[in-house]
Amino acid sequence: MIELKDITKKYYKGTPAEITALDNVNLTVQDGEMLAIVGSSGSGKSTLLNIIGCLDIPDSGEYLLDGERIIGLKQNRLAELRSQKIGFVLQEFGLMLDRSIFHNLTYPLIFSGKVSTKDYKEKIGKALGAVGLSSRVNSKCTELSGGQKQRVAIARALINEPSVLLADEPTGALDSKISAEIMELFKSLNEQGRTVVIVTHDPKVAEQCGRIIEISDGKIVL
């Protein structure tokens, strides 16, 4: 599903400051795998996740997503891949809090351009059913607990039925009880066949994944 070869990414913060975020990284993630990426702050793990998610482009190397070469693709094709194949879950949820759950989940459908408005209700109902929030479809996000907001964020990531879920510290803003519930949800989604990649600083979260890799100074060390 995901194959990275000799990936290097550098950032420049004023001349001559140069930061190597990723240094010749090689990584293969099998279809249906659940992978944890761990490492200290600034190690390169979020940069790696952004490259996997086609949000960032490496300076050198090769990236194949489901057999398609990513480096060199035009922005409109990258946007299509993000919409069709990849779902993102963020630590701070990334929801429009003044809008209803229904409205939050319509936006990925609008951007995909592949779902007619008459099918929105069915698609949203299916996504909310997967995260156990079917009865809250018309609730405003301000009315939700932290765990419920993360469930809405996961439902939004699922709305276009991607094959890959990418999560950046998805339990970082939650207490231990709710974190455990969210991880059970990720494991259930993985058991249904989705590839799941989670960036985390929490060893308890990482231990629940099928494989763990560690990044240090832009290199995979474990």
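The values are calculated or read from the model by the stated rules, or taken from the named source; none is laboratory data. This is a predicted model, so every value here is computed, not measured. Methodologically, a virtual Cβ is constructed for each residue, glycine included, from the backbone with ideal geometry; neighbour enumeration extends over all protein chains shown.
Pairs under 7 Å by beta carbon, first residue at negative phi in segment 58-87, partner aromatic (F, W, Y) and at pLDDT 95 or above, six or more apart or different chains? Filtered contacts from segment 58-87: I70/Y63; I71/Y63.
Selection within segment 68-84: residues that are touching a strand residue (DSSP E or B) at 6+ places or on another chain (Cβ under 7 Å) and modelled with pLDDT under 95. The member of this set that is surrounded by the fewest Cβ atoms within 10 Å (Cβ to Cβ) is I71. When segment 72-100 is filtered for residues that are under 19 Å from the mean Cα position of the chain (by Cα) and among the aliphatic types (A, V, I, L, M), the ones remaining, listed by number, are L78, A79, L81, I86, V89, L90, L95, M96.
Residues that are under 15 Å from E214 (Cβ atoms) number at least 3 in the following strands (runs of 3 or more DSSP E) confined to segment 1-50: 18-29, 34-38. Inside segment 1-46, can you point out the residues that are closer than 22 Å to G72 by Cβ, surrounded by 15 or more Cβ atoms within 10 Å (Cβ to Cβ) and either among the aliphatic types (A, V, I, L, M) or without any contact (Cβ under 8 Å) to a residue 40 or more places away in the chain (or both)? Listed by number, the residues that qualify are M1, I2, L4, I7, A21, L22, V25, L27, V29.
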